[in-house]
Amino acid sequence: MSNLTLQIVVKTLFGLELPDTVRRIGAAFELANDYIKTRDNQPPALRSLFHRIPLPSTRRFRRGLEYLNQTVYGLMEERRKHGLESGDLLSLLLKG
């Protein structure tokens, strides 16, 4: 059920249906969510310190964030360059 939800969310946001891309976006969102929840329960000074130390969780979070940035900014560039509209949220945001 969560896989179906993920497919619907990714299609709605970005107009993507490629299984591997959907899976990787879902994994990146899950990593980011887990990381933020873990850090949110820590005192601010400790949270800041842990965010700067290259712990395995911090490195995974940054890799996931980098993948999301590359994917979203790549889609934005492609759509601006070719004037593509998919009827998804990203297209609507680029229009306005």
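Numbers at a glance
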| item | result |
| --- | --- |
| Within the range 34-44, tally of residues that are open to solvent by 80 Å² or more (accessible area, probe 1.4 Å) and in a helix (DSSP H, G or I) | 4 |
| In the range 48-96, the residues that are under 19 Å from E30 (Cβ atoms) and either open to solvent by 80 Å² or more (accessible area, probe 1.4 Å) or in contact with a Pro (Cβ under 6 Å, 6 or more places away or on another chain) (or both) | R59, R60, R62, R63, E66, Q70 |
| Verdict on S2 being at pLDDT below 90 and open to solvent by less than 90 Å² (accessible area, probe 1.4 Å) | no |
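The values are calculated or read from the model by the stated rules, or taken from the named source; none is laboratory data. On a predicted model such as this, the values are computed, not experimentally measured, just so you know. Ideal geometry is used to build each Cβ from the backbone, glycine not excepted, and the neighbour counts take in all protein chains shown. Quick note on the areas: whole protein, heavy atoms, side chains included, nothing else; ligands and nucleic acids left out. Shrake-Rupley method; radii C 1.70, N 1.55, O 1.52, S 1.80 Å.
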